[in-house]
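Here's the structure, in structure tokens; my notes come after.
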Amino acid sequence: MSLATNHKVGGPVAAPVEPPKVVRQRRMRPGLLGLAILLVALGGLGAAFAVTSVRATGSYLAVSREVSVGTELTADDVVAVQVAGGQGLSPVSAADVDKVIGKRAAVTLVPGTLLTMDQLTDKPLLGPGKQQVAIGLKASQVPAKQLKPGDEILLVSTPAQNAPSTERASQTTRYEGVVVDATVPDEDEADRGTTVVYVAVAGRDAPAVVTLAAQDRLAVILTGSA
């Protein structure tokens, strides 16, 4: 049996060509397109607002040196500073410096802090015939969560521990006073846990109040809030 072989070699045989695939274009829904445009616009507005907030600066007054309570402000006590942003703050504008010069400090002014009108007063806390005394009070002896300058208080003497019961009622004395300032010592100080209240009292009452305070024989009653 013979096998017939075709020795004729032809040209390269091309592989079968697949028909091109037709890719269907996705149609963008009008609602989604509008939402995308809105998000891009809001993002741009947010970025512009952030840049504007950071760049916006104002000139305000800051405390340049410590000012004690009741002291009149001078031009040397304040300095103009540039503050960026300032949302939520109410510092005094540098342009209003003439409005604060001559006012009294209602609280102790700390250097490096912005000045606000709430820290100033036109009323002399230590008026004529008044003297200032300091009273140390334990937490349970403070009549309010926070005593403020201008608060009216009543200082009541308490009997001595060794006084007879018949003399306890007769030893009670009352002194009117006005809070000038109140402060809590730092934790590393010996008087930590004690509130020091600076009180303006009548000059004639100052010696007795100081003596009673040294003996821890004073109770404080808040009679009027500033």
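The values are calculated or read from the model by the stated rules, or taken from the named source; none is laboratory data. Keep in mind it's a predicted model, so treat the numbers as computed, not measured. As a convention, Cβ positions derive from the backbone with ideal geometry for all residues, glycine included, and neighbour counts pool all protein chains shown. With ligands, DNA and RNA removed, areas are computed over all heavy atoms of the protein, side chains included. Shrake-Rupley method; radii C 1.70, N 1.55, O 1.52, S 1.80 Å.
Side notes on the structure shown:
- Gln171 open to solvent by 50 Å² or more (accessible area, probe 1.4 Å), more than 13 Å from Ile221 (Cα to Cα) and modelled with pLDDT of 90 or more: no
- Hits in the range 79-90 (condition: small (Gly, Ala, Ser), in a loop (DSSP other than H, G, I, E, B) and modelled with pLDDT under 80): Gly85, Gly86, Gly88
- Filtered by the rule that a residue be touching a residue at least 40 places away in the same chain (Cβ under 8 Å) and either in contact with a Lys or Arg (Cβ under 7 Å, 6 or more places away or on another chain) or surrounded by 14 or more Cβ atoms within 10 Å (Cβ to Cβ) (or both), the range 89-120 gives Ala106, Val107, Thr108, Leu109, Pro111, Leu114, Leu115, Leu120.
- Restricting the range 64-78 to residues that are of a type in the set (Val, Ile, Thr) and either crowded, with 21+ Cβ neighbours inside 10 Å or modelled with pLDDT of 95 or more (or both), the residue that is nearest to Val179 (Cα to Cα) is Val69.
- Counted residues, the range 91-109 - those being assigned to a loop (DSSP other than H, G, I, E, B), under 15 Å from Ala80 (Cα atoms) and aliphatic (A, V, I, L, M): 2
- Test: Ile135 is open to solvent by less than 40 Å² (accessible area, probe 1.4 Å), out of contact with any helix residue (DSSP H, G or I) (no Cβ under 6 Å at 6 or more places or on another chain) and either farther than 30 Å from Thr173 by Cα or at pLDDT 85 or above (or both): no
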